[in-house]
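Scroll down for the structure; my scribbles are underneath it.
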Amino acid sequence: MFGCRGGGCGTCKMRLTSGQIAHGRCSAAVLLAEEKKCGWFLSCQARALSDLTIELSAANKYHVLRSWRRLSLLDP
């Protein structure tokens with residue numbers, strides 16, 4: 001769905017509105033410390049620590065979601 005998958009381009013940037021994540025590695029130029037404080041994260045690097053509610057950025061809203069799968073912390 002997205003290109004770099006390494007935390008360097010910022011295309012997959014999303015905003016967390018509820019829940020908890022571990023940010024993982026990402027470029028400080030792509031995701032500023034202030035953005036992290038405001039809930040922004042890179043979906044290619046972040047790991048969910050709870051159920052999440054997210055907001056897509058303008059850059060990734062055009063992607064059509066073809067299928068949904070409920071992810072559980074208990075999934076292998």
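Taken together, the values in this text are just the output of simple stated rules run on the coordinates, not laboratory data. Just so it is clear, the structure is predicted and the values come from calculations on it, not from any experiment. Neighbour counts are summed over all protein chains in view; Cβ atoms, including those assigned to glycine, are modelled from backbone coordinates with ideal geometry.
List of remarks:
- Entry remark, the stretch 27-51: residues being under 10 Å from the mean Cα position of the chain (by Cα) and either surrounded by 16 or more Cβ atoms within 10 Å (Cβ to Cβ) or part of a loop (DSSP other than H, G, I, E, B) (or both) number 9 in total.
- Hits in the stretch 19-38 - residues which are in contact with a Phe, Trp or Tyr (Cβ under 6 Å, 6 or more places away or on another chain) and of a type in the set (Gly, Ala, Ser): none
- Pair list, Cβ < 8 Å and 6+ apart or interchain, from the stretch 33-55 residues that are within 12 Å of residue 14 (Cβ to Cβ) to residues that are of a type in the set (D, E, K, R) and assigned to a loop (DSSP other than H, G, I, E, B): 44/5; 45/25
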